[in-house]
Every structure is written in structure tokens, then in C-alpha cells.
Number of protein chains: 2
Amino acid sequence: MQEYEKIFRDFLKRRGLKLTEPRKLILDAAFSVHHHFTVEQLFRLVKAESSLVSLATVYRTLPLLIEAGLLQQSMRSSSRDSFEHILGHPRHIHWICETCGAVIESDLDEVKPIVESDAERFKFELREIKLNVIGLCWKCKQSENNLQ
Amino acid sequence: MQEYEKIFRDFLKRRGLKLTEPRKLILDAAFSVHHHFTVEQLFRLVKAESSLVSLATVYRTLPLLIEAGLLQQSMRSSSRDSFEHILGHPRHIHWICETCGAVIESDLDEVKPIVESDAERFKFELREIKLNVIGLCWKCKQSENNLQ
DNA sequence: AGACTTTTTGAGAACAATTCTCAAAGGAGT
DNA sequence: ACTCCTTTGAGAATTGTTCTCAAAAAGTCT
């Protein structure tokens, strides 16, 4: 059994909930993608495995996966939230290109201690750091220059 | 005339657009609030001044204010985007309490140079840094402890 | 001021993402 | 098999946002 499955099963049991077939399919689909995905995309993946799972169930399962600590909401683009799994895959910075929409990732190692010490100062119990940087990726920067 | 009005007027002129009464009312309302606001809240403020401005116009004006550099989209909570004005008010960190929804702000000064040097490394043209920290504010942390 | 051109507007319809409803099905424990 | 919850699919409902369009307003030129 995959580690994530065990984690989810335990989480559900603690809550008196069940690891059903649809939930398992959604879980596997979420872990089959190694980058960000929207609800729509996740639904299509699940459907490819078994057309029996409904979109409503995907929407219902997502918050459970997040509460279980398996997924995180990663960002929002063109009015769609997107998600990604985070098992052994710590929070990172998202560099989002305004022009082409590309997302580059880098680690948070340098920023994290600063935020942590601020948190201590504010007596804030830190659970999650979301750092998104908006701008222009080098490709788009280049082609923008070429136009001028 | 307020500085923000001048900035907006100039911005509009450059684009061949006009500073109309509804736009001015929306602009003033946005600058009358010194914290985050949702579209809904802004609309209610504007309406209190003059019931003639429609919600559609608020939605239409917001992107102009952002492009003019007067407003920024600050974060998203319970599926609503929220905004804030940024004149002489640089980007900051948002500390968002999961339990009570309170938002504390602090400055980005320590984090900014790190992100800037990363940006340079990636040849990324940095336009905006969004840093949101999710967790528990000290009040909620305290009352949570008291329950146990 | 009047005529002309372009932008802007309000109001409500349209749209898209998300949530809700509810009757039927499924699971776990006995 | 029986009971008690939980879960589900399907579509309806809801909500935030965008679009449409005819009428109004603003700016320009004469």
C-alpha cells in the first residue's frame, strides 16, 4: 500500500469516515500528477480510470485530502484554484509568469527561517507559507524585448 | 486633488479613457478603506455615497485601478478575492488566522532581497511578491489551549 | 451651442465554478 | 441479515464574475 493511502485511511478512521472506492480513485489520481492541477483536470483523470465517480465527489474529497495533510491548495489562475500533493515535497515558491502562465518552482529554505522568526515574534502558530511571485519569465521577457 | 486621483486621471488619459463620476466614486471609496475589502464591500461603500453606481461598473473599474498601480489584489478568502490600495504602502506579508479570519500585516523587508536575488538567478522579471502565512493568531491559539 | 464620435453606463441576462439536495446505495458492526 | 451511519451520483441551486446592449455622457471640432 502506498504511504499516502495509509495516511488517508488513518485520517478517515480517526474521523469515523471510510476509504471508499471513489475516494481511493481520487487519491490515486491526485498522486499520479506531479505538478499542479485544477479540479477539472483531476476529475478528468479520475474519470479516465472509472467513469463512475462524479464531480461532486471530487469536490467533496479535496478538502479531506487537504485536512489530511496530503494536498495543498497551491495557487489560483484564471479564476480556478489549483492543487498539488505535498507528501515529502515541502512548500515551495511559485514563480508565475504573467504572460505565458508558466509556473517555475524553487525552494523556500532561505525565506522560511525569516517567516518563522516573525511568527514567533507575533506569537502566531505558523501552519503554511504561501509565496507566489508574479512577473515575467525569461522567455517572455526576451520575446517582449524583441518586439521593441 | 488627492494624489491618487491625479495618478488615476493620468493613467486614464494615457489610455484615452475618462475619469467619470462613477469611476471617481469607486476610486474614493477604495481609498477610504485602510484595509482589505471585497468587491461586495466596495460596492456597498460606493452605493452609500451614490446609489447610481452599478456593481458591473465596480467590476469594470477594479482592473483599471490595479493597472494604474493604485490597488492590488491582496488575497482570497472564502472564495472572494480581496483588494487593498497600495499608494505609499508597499507590499506586505499577510498573516491569516485560520480560525477567526483575522489578518495581520507585517513588512516584507527581510524577505524581499532574498526573492529578488532568486529572481535574478532565474532571469525572472519580478513584478509582485505575494506572501501569505496561514496559521493561528495568538488569540485563537490561546482559546484553543484553554479548551483542552 | 450643436453635431459627431467614442467611451461609459446600468440593468439584467449569461456564465462558470462550486455547493447543496435527496433518494438510493454501501460499509461496518452486530 | 439487520441496523445505523456514511457516501454517492445527478442534477438543481447558488454565487461570484463577465457580458450585452441600448441609452447617456464626455470630448472634440466647428
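Observations on the structure shown:
- Assessment of segment B:108-122 against the conditions (in contact with a Leu (Cβ under 6 Å, 6 or more places away or on another chain), within 9 Å of another protein chain (Cβ to nearest Cβ) and not in a helix (DSSP H, G or I)) yields no matching residue.
- Of all the numbered requirements in (1) at pLDDT below 90; (2) out of contact with any Asp or Glu (no Cβ under 6 Å at 6 or more places or on another chain); (3) within 14 Å of A:His36 (Cα to Cα), A:His85 misses one, and that requirement is (1).
- Pairs where the first residue, in segment B:1-18, is of a type in the set (Lys, Arg) and the second is in a loop (DSSP other than H, G, I, E, B), C-beta under 7 Å, 6+ apart: B:Arg9/B:Leu19
- Cβ pairs under 7 Å, 6+ apart, first in segment B:47-66 and within 13 Å of B:Ala29 (Cβ to Cβ), second among the charged types (D, E, K, R) and within 12 Å of DNA strand D (Cβ to nearest atom): B:Thr61/B:Arg23
- Yes/no for A:Arg23 being within 12 Å of DNA strand D (Cβ to nearest atom), among the basic types (Lys, Arg) and closer than 26 Å to B:Thr99 by Cα: no
- Screening segment B:35-92 for residues that are within 12 Å of DNA strand D (Cβ to nearest atom), exposed (fewer than 13 other Cβ atoms within 10 Å of the Cβ) and charged (D, E, K, R) and picking the one that is nearest to B:Pro22 (Cα to Cα) gives B:Glu40.
- Criterion: at pLDDT 90 or above, of a type in the set (D, E, K, R) and in the same structural domain as B:Ser143 (by TED's automatic domain parsing) - qualifying residue of B:Glu98, B:Glu116, B:Glu128: B:Glu116
The values are calculated or read from the model by the stated rules, or taken from the named source; none is laboratory data. Owing to the predicted nature of the structure, the values given are computational and were not obtained by experimental measurement. Neighbour counts are summed over all protein chains in view; Cβ atoms, including those assigned to glycine, are modelled from backbone coordinates with ideal geometry.
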